Amino acid sequence: MATRRGGELIGEMGLLDGGPRTATVIALRQTYVRWYAAEAFMALLAEHPGILGKVFLSVCARLKESDHHRIAIASAPARLRLARLLLRLADVQGVDTAQGIEVKVTQTDLGNWTGMGREAAGRRVRQLQQLGFLAVTPARSRVTVTDPAGLRQYAFHTEEPDDRSG
């Protein structure tokens, strides 16, 4: 999961290697795109070698970003994987509300994305609610981050604090 801004390339890896696309893009607001067929894109790169260098730098940055996120999520204990994922979701698709940053996500999705299963994700969500990082809400398809700074400290703190264990 990633966020892209205006002017960034999307889909260049599939065009460069001729393989299938590896991601789905969802625009969070009205978006204007410039679409190129593979042949036209390759011709553009051949005609303007400077663009190829920028595409290469973009691909390298994406690979580094992917590695960073994979390490941050996959190598951490379950409690940290979930906290880090919730922070990422809040940054990418969160909506500011009176209670905090609301994220549309199910416990099944959280469990699948963190490799811990729905029940374990639900237990971890309840722990984060008890710690005051998430709002207690009846909606099972939404999570509200009430203390993003506290959750960030919890998610990236190297030692488990005594008063906020879990």
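Please list, by residue number, every one of the trypsin sites (Lys or Arg not before Pro) in segment 114-152 that is coil in DSSP and has at most 12 other beta-carbon atoms within 10 Å.
Loop-located and lightly packed - Arg140.
Exposed loop chymotrypsin sites (Phe, Trp or Tyr not before Pro) only (DSSP loop, at most 16 other Cβ atoms within 10 Å): please give the longest stretch of the chain free of them, not including the sites. Numbers along the way, then the final one.
On the way: sites that count: Tyr32, Trp35, Tyr36.
So the longest stretch without any such site is 37-166.
Could you work out what % of the accessible surface of segment 82-133 is carbon and sulfur, using a 1.4 angstrom probe and leaving DNA, RNA and ligands out of the count? List each step's numbers first, then the result.
Working: 1060 of 2560 Å².
Whole-percent figure for carbon plus sulfur exposure: 42.
Relative contact order, percent, of the chain when contacts are C-alpha pairs under 8 Å separated by at least 6 residues? Don't skip to the answer; put the middle values down first.
Numbers: 149 pairs, mean separation 29.0, N = 166.
That works out to 17 percent.
Looking at [x] 15.6, 49; [y] 15.2, 45; [z] 19.2, 61, which value of Rg and Dmax of the Cα atoms in Å comes from a calculation on the structure shown?
Read-out taken from this structure: [z].
Using only the Cα atoms of segment 97-162, build the gyration tensor, take square roots of its eigenvalues as a ≥ b ≥ c, and label the shape rounded, prolate or oblate: rounded if a/c is under 1.5, else prolate if a/b is larger than b/c, else oblate.
Details: a/c = 1.84, a/b = 1.12, b/c = 1.65.
Oblate shape, in that a/c is at least 1.5 and b/c is the bigger or equal ratio.
Under a crude label model (7 Å from the Cα following the beta-carbon direction), how far is Arg34 from Arg5 in nanometres?
1.9
May I ask for the equivalent-ellipsoid semi-axes of segment 69-127, computed as the square root of five times each C-alpha gyration tensor eigenvalue and listed largest first in whole Å?
On the way: eigenvalues 71, 37, 18 Å².
Working from the Cα gyration tensor, I get semi-axes of 19, 14, 9 Å.
Would you work out which of Leu45, Val103, Phe156 lies farthest towards the positive end of the dipole of the chain, given +1 charges on the beta-carbon of Lys and Arg and -1 on that of Asp and Glu, about the Cα centre?
It is Val103.
Please list, by residue number, every one of the GluC sites (Glu not before Pro) in segment 1-54 that is coil in DSSP and has at most 14 other beta-carbon atoms within 10 Å. Mind showing how you got there, number by number?
On the way: sites: Glu8, Glu12, Glu39, Glu47; in loops: Glu8.
Passing both the DSSP loop test and the Cβ count: Glu8.
Please report how far the C-alpha centroid of segment 96-117 lies from that of segment 62-92, rounded to the nearest whole angstrom.
Each part reduced to its Cα centre gives a spacing of 13 Å.
For the chain, take the longest principal axis of its alpha carbons; what is the angle in degrees between that and the long axis of helix 118-130, to the nearest 10 within 0 to 90?
Relative to the chain, helix 118-130 is tipped by roughly 60 degrees.
The values are calculated or read from the model by the stated rules, or taken from the named source; none is laboratory data. A quick note: this is a predicted structure, and the numbers were derived from the prediction, not measured. Cβ coordinates were reconstructed from backbone atoms using ideal geometry, including for glycine residues, and neighbour counts include every protein chain displayed. Surface areas here come from the heavy atoms of the whole protein model, side chains and all, with no ligands, DNA or RNA. Shrake-Rupley method; radii C 1.70, N 1.55, O 1.52, S 1.80 Å.
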